[in-house]
Amino acid sequence: MNETHFLTTIFNEQNFSKDDLENILNQYQRIEFAKNDFLIQEDSTANYYYFIESGYVRSYVIDLEGNDISTKFFSATDIVIDWHSYFLKTKCRENVQAITACVAWKITFENFMKLFKIEAFREVGRTRLVNNYFELKNHSISIIADPAKDRYLNLLKSKPDIVQNVPLKQIATYLGITDTSLSRIRKEILAEK
């Protein structure tokens, strides 16, 4: 997939003048990550954000007992960003790591700020920020208020590609359950069909 084709799936050509779109596309740099490469590491400052063109990525933290807990999954067209670190230049609290080989497009904070004068670019960013907030809020509430089976069914419905391409142990930690519980839930669902 060429640069213009992929990035114009993010920045719809109908919403930008030709000059603005060209300026936007020129600020991004294509980058490839191998499986297990880090896009962002805990205790570092995020200097880039990424749009995923292909592959799968996850964010995770290590809890107080040393367990690896997935906090989010990313796939094609998703934005990978530590909002707090990127904008406020604070240390990241999560790791963001490629689950598979990935192709992404990165932009520095300085280049991002150059583009911020373009109203349509700001709108794309605002929309993504709001959508990320709602997704995070819904997940936080779901962990508290929904049965584990419902959490899994919701993930299966909203992001079937994640369920098909991400290790079950990582999905289980994201859902707040053990991988044994997830296996039991998957067997129950299959038995109901």
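Only the coordinates and a few stated rules stand behind these numbers; no lab work does. As the structure is a computational prediction, the values presented were derived from the model and not from experiment. Positions of Cβ are generated from backbone atoms using ideal geometry, with glycine treated the same way; all protein chains shown enter the neighbour counts.
Details
- Among the listed pairs 72/169; 72/114; 89/114; 137/169, those with a Cα-Cα distance over 25 Å are 72/114.
- When only Cα pairs below 8 angstrom with a gap of at least 6 residues are kept, the chain shows a relative contact order of 23 percent.
- Descending principal axes extents, the stretch 62-118, alpha-carbon based, whole Å: 45, 27, 13
- As a proxy for reagent exposure, 190, 168, 21 were ordered by neighbouring Cβ count within 10 angstrom, fewest first; the result is 190, 168, 21.
- Database remark: amide H of residue 54 closer than 5 angstrom to the amide H of 103 (H placed geometrically; neighbours at sequence offset of 5 or more, or on other chains; Pro and chain starts carry no H).
- Angle in degrees between helix 179-192 and the longest Cα principal axis of the chain, rounded to the nearest 10: 80 degrees
- Which of 146, 43 has the fewest Cβ neighbours within 10 Å, and the rest in rising order: 43, 146
- Taking θ as phi - 60° and the Karplus parameters 6.51, -1.76 and 1.60, the scalar couplings of the stretch 41-46 work out to 10, 3, 6, 9, 9, 6 Hz in sequence order, x denoting glycine and proline.
- Candidate values (i) 119; (ii) 141; (iii) 132, label of the one derived for volume of the Cα convex hull per residue in Å³: (iii)
- Net charge dipole, the stretch 3-118: roughly 200 debye, given to the nearest 20, about the Cα centre with Cβ charges of +1 for Lys and Arg and -1 for Asp and Glu.
- Centre separation in Å (Cα based) which lies between the stretch 4-20 and the stretch 136-184: 34 Å
- Rounded tilt (10° steps) of 18-27 against the dominant C-alpha axis of the chain: 60 degrees
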